[in-house]
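Below is one structure; the comments refer to it alone.
Nothing in this text is a laboratory measurement; each read-out follows from the coordinates by a stated rule. Values in this document were obtained by computation on a predicted structure and should not be read as measured data. Neighbour counts are summed over all protein chains in view; Cβ atoms, including those assigned to glycine, are modelled from backbone coordinates with ideal geometry.
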Amino acid sequence: MPLNVIREDIQNLTAYAVADVSDDFIKLDAMEVPYLLPEHLRQEWANQLVNIAINRYPHPQRSGLPDVLRQAFAIPKEAQIALGNGSDELIQLLTQLVAKPNAVMLAVEPSFVMYQHYAHLYGLQYISVPLKADFCLDLEAMIHAIEQYQPAIIFIAYPNNPTGVPFEREQIERIIELATGLVVIDEAYGAFSEDSFLPQAGQSERLLVLRTLSKIGFAGLRLGYVAGSPLVIEQLAKIVPPYNMNQLSLFTAQFALQHMDAVNHNIEQVKQERERMQQELAKLPETEVFPSQANFITVRLTQAQKAFEQLYQHRILVKKLDQSHLLLCDCLRITIGTPDENNQVLSVLNQHVNNINKPLAAIAQSRKYLIGIMFVLLMALFAWLLWQYYVD
Ligand SMILES: *Cc1c(COP(=O)(O)O)cnc(C)c1O
């Protein structure tokens, strides 16, 4: 049996579940941007695609993309960058880079699940520090863990996924200061956030800033990058597979970033809708809306499982976080869609909370009757006692 040559821990894993729903579903589960580039740009792009040397191996460094990235995102010149087939690949490679025997990876929980996955895959000890109940960072506990475990690598998603809540900048700075190993600030949602560590990339040898084009409209490209000190990026370059990027992505990313106005326009629309959704969701009874600096909102509501199913029946897919972590009990993560899609979410959730509240209201109502009946019975008993007394 070939299975017995395969690692047992891998046999015991379950594959990352990519949602499998039909095309008519409204997909609000994976932080995709609901917009394409405008038609005229897509035409221009298509016209240029015919010239791509698909017969040649890609050469990321000579492709021109690194320079375009530097310009589009103001990456400091002290920083070097490495490209990944999605930032996911870079998480994997950075983990491999430090995977010495007994090395420790530190992260907060709940956070992006792939950190832990790669820690286990490459034999690192994985240590996690729980967030506070409001999904803020527990700095004391982090400092304690850094001192105790001397992690080779720390992953912090800033803003965090799946919670959307931003951590305090000063807390992250403190962690970078105290760390003895690498600190990866994963800014997958950086474009939607008010703050970034990208301007600091290249300053501290420990700091690596991880970014992706996935959450700003190009999830299909699979293009991520990491900016950090030359010291670390040069080591990382040794284990990046030689042809991990492909010509089509390299070209398309360049094309898109040369039209940053159009990209930013879509980002702005999503941010506006996030603000509106934040306000509208907060109006739902018994619903806790966590403040988000990302392109999704995490909410806690009564009977999240039921809410998820109700959305699903209306062909809307969101992420059910309930049962994935203790702190995420009754939570759903809703990616921001188009205004129309968002309205549909609001309408279904409105129905859901009202349906939930109906039986409660009915009980409350019937309790009033019960009290009334008890009162009448008590009065009757009292009258009867009085009558007994006087008759005697
Ligand atoms: C989505 C996500 C990624 C992975 O993005 P890709 O570039 O598409 O691989 C990495 N980190 C966080 C926190 C994410 O949410």
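Please arrange Y189, Y312 by how many other C-beta atoms lie within 10 Å of their C-beta, fewest to most.
With the fewest neighbours first, Y189, Y312 line up as Y312, Y189.
Two decimals is fine: what is log10 I(q)/I(0) at q = 0.15, 0.19 Å⁻¹ for segment 259-332, from a Debye sum with one equal scatterer on every Cα and no solvent?
After summing over all Cα pairs, the log10 values are -0.58, -0.84.
From the square roots a ≥ b ≥ c of the eigenvalues of the alpha-carbon gyration tensor of segment 63-197, which class results: rounded (a/c under 1.5), prolate (a/b over b/c), or oblate? Before the final figure, lay out the partial values.
Values: a/c = 1.71, a/b = 1.25, b/c = 1.37.
Taking the square roots of the gyration eigenvalues as a ≥ b ≥ c, segment 63-197 is oblate.
Can you tell me the length gained on complete extension of the stretch I373 to I54, counting 0.36 nm per residue apart and subtracting the Cα distance? Show your work: numbers first, answer last.
On the way: separation 319, 0.36 × 319 = 114.84 nm, distance 8.26 nm.
Length gained, I373 through I54: 106.6 nm.
How do the peptides 241-248, 316-323 rank, highest first, by the average count of neighbouring beta carbon atoms within 10 Å per residue?
Sorting 241-248, 316-323 by mean packing, highest first, produces 316-323, 241-248.
Test of understanding: extend the Cα→C-beta vector of D195 to 7 Å, then name every residue of segment 105-119 with backbone N under 18 Å from that spot.
Correct set: 108-109.
Could you work out the helix-only [θ] at 222 nm for the chain, with each DSSP H run of four or more residues adding -39,500 (n - 2.57) and the total divided by the number of residues, to the nearest 500 deg cm²/dmol?
Rounded to the nearest 500, the figure is -14000 deg cm²/dmol.
Hey, fewest Cβ within 10 Å first, where do E173, E275, E39 land in order?
Working: E173 14, E275 11, E39 8.
Ordered by Cβ neighbours within 10 Å, fewest first: E39, E275, E173.
I'd like the orientation of helix 39-49 relative to the chain: the angle between its Cα long axis and the longest Cα principal axis, in ° from 0 to 90, rounded to 10.
Taking the Cα atoms of the chain, the angle to 39-49 is about 40 degrees.
Nearest 5 percent is fine: what portion of the DSSP beta bridges confined to the chain is antiparallel?
Taking every DSSP beta bridge within the chain, about 50 percent pair in antiparallel fashion.
Note down, for the chain, the three equivalent ellipsoid semi-axes (square root of 5 times each alpha carbon gyration tensor eigenvalue), biggest first, whole angstrom.
Semi-axes (√(5λ), whole Å): 49, 27, 20.
Considering only I172, N246, I233, whose Cα is most displaced toward the positive end of the charge dipole of the chain, charges sitting on Cβ of Lys, Arg (+1) and Asp, Glu (-1)?
Sorting the options by dipole projection puts first N246.
Please compute, for the alpha-carbon atoms of segment 275-392, the extent along each of the three principal axes and give them in descending order in Å.
79, 31, 25
Would you mind computing, in nm to one decimal, how far apart the modelled labels at H314 and R276 are, each placed 7 Å from Cα along Cα→Cβ?
Distance between the two pseudo-spin positions: 1.5 nm.
Is the shape of segment 101-145 rounded, prolate or oblate, going by the alpha carbon gyration tensor and its root eigenvalues a ≥ b ≥ c, with a/c under 1.5 for rounded and a/b larger than b/c for prolate?
Cα axes put segment 101-145 in the oblate bin.
Past the 26 Å Cα-Cα mark, which pairs from K283/K320; K283/K306; K132/K358; K77/K271; K132/K319; K100/K132? Provide the component values of the computation, followed by the final result.
Values: K283/K320 21 Å; K283/K306 19 Å; K132/K358 32 Å; K77/K271 29 Å; K132/K319 21 Å; K100/K132 31 Å.
From K283/K320; K283/K306; K132/K358; K77/K271; K132/K319; K100/K132, over 26 Å: K132/K358; K77/K271; K100/K132.
Whole-Å semi-axes of segment 163-289's equivalent ellipsoid, largest first, each the root of 5 times a Cα gyration tensor eigenvalue? Before the final figure, lay out each step's value.
Values: eigenvalues 172, 108, 28 Å².
So the equivalent ellipsoid measures 29, 23, 12 Å along its semi-axes.
Per q in 0.18, 0.19, 0.25 1/Å, what log10 I(q)/I(0) does a Debye calculation on the alpha-carbon atoms of segment 49-91 return?
The computed values of log10 I(q)/I(0) come out as -0.68, -0.74, -1.03.
In segment 211-369, how does Rg compare with the Kirkwood Rh, expressed as the Rg/Rh ratio over alpha carbon atoms? The partial results should precede the final answer.
Values: Rg = 21.1 Å, Rh = 18.7 Å.
Expressed as Rg/Rh, it is 1.13.
May I have the pair-distance distribution P(r) for segment 4-125, computed from all Cα-Cα distances with 5 Å bins from 0 and rounded to whole percent?
For segment 4-125, the pair-distance distribution reads 2, 7, 10, 13, 16, 16, 16, 11, 7, 3, 0.
How about segment 158-244: which trypsin sites (Lys or Arg not before Pro) there lie in a loop by DSSP and see at most 15 other Cβ atoms within 10 Å?
K238
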